[in-house]
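Read the figures in this text as sums done on the coordinates, not as results from a lab. Quantities reported herein were computed from a predicted structural model and do not represent experimental measurements.
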Amino acid sequence: MNLQSLELLGFKSFADKTIFNFHEGVTAIVGPNGCGKSNLLDAVRWVLGEQSAKSLRGGEMADIIFNGSDTRKPIGFAEVSLTLTDCATELDVDWHEVRVNRRRSQRLLHDGARQDRHDPEFATGRSARDF
């Protein structure tokens, strides 16, 4: 089983859609302090089902949603998609590729409070013959 890609949108510091493609062999995540390396690992944990905000280095689960900056407005949702390939045997499925998605959104109420929405999580797959 191989991690093929990770897509983030509105997750912590990743306000814009960001796609990481992973190739066979050794993959390392490097960069200066504050560039999002830990947030990338948090995204993997979250899309795979992590329920603890503390485990994702936050005070509450809403902290995973990009909350705006000096130059950008808050987005209101976070979405992460993880794609695995060559996973039929390990996951006991008939698919060559499995994509796991998770989304969380919130809306601003009239009184300024935020209301969290737990959007459904889902997984999809494609068999080798679909390629």
Would you compute, for the Cα atoms of region 28-106, the largest minus smallest coordinate along each principal axis and list the three values in descending order, in whole Å?
47, 31, 24
Using only Cα atoms, what is the ratio of the radius of gyration of region 8-53 to 2.2 N^0.38 Å?
1.22
